[in-house]
Amino acid sequence: ALMSNELKSKLAEIRENFEFFDNDGNGLIDFNEFLSLMRTVSPEASLRESGEGFSMIDTNSDGYIDLDEFMKWWQTTWWEF
């Protein structure tokens, strides 16, 4: 099935968000990059909450959030935006 234009633009938006927070441009978000993301989307989150969030999103537990993991998280958490 073809993706709707709306979905395409949503996914492009998510990718842009990912690239914005991927400061070193290596295609992965490490914990420090994730912390700056959390400060933006959820300024009241504690370091512990951020750590828990990071572990939850990093489903393959490699210490990085890749684009796939980011997209899944973004869709389930922020999709309403």
**OP:** Enter the accessible area per residue of the stretch 41-80 (Å², integer; probe 1.4 Å; all protein chains in place).
**Re:** 64
Original post:
Taking all protein chains as present, what is the carbon and sulfur share of the accessible area of the chain, in % to the nearest whole number, probe 1.4 Å?
Top reply: 54
**OP:** Match the structure shown to one of the listed values (i) 56; (ii) 51; (iii) 61 of percent of Cα pairs over 15 Å apart, computed from it, and give that label.
**Re:** (i)
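The values are calculated or read from the model by the stated rules, or taken from the named source; none is laboratory data. All figures in this text were calculated on a predicted structure; none of them were measured in a lab. Just so you know, the surface numbers come from the protein's heavy atoms only, side chains and all, with ligands and any DNA or RNA stripped out. Shrake-Rupley method; radii C 1.70, N 1.55, O 1.52, S 1.80 Å.
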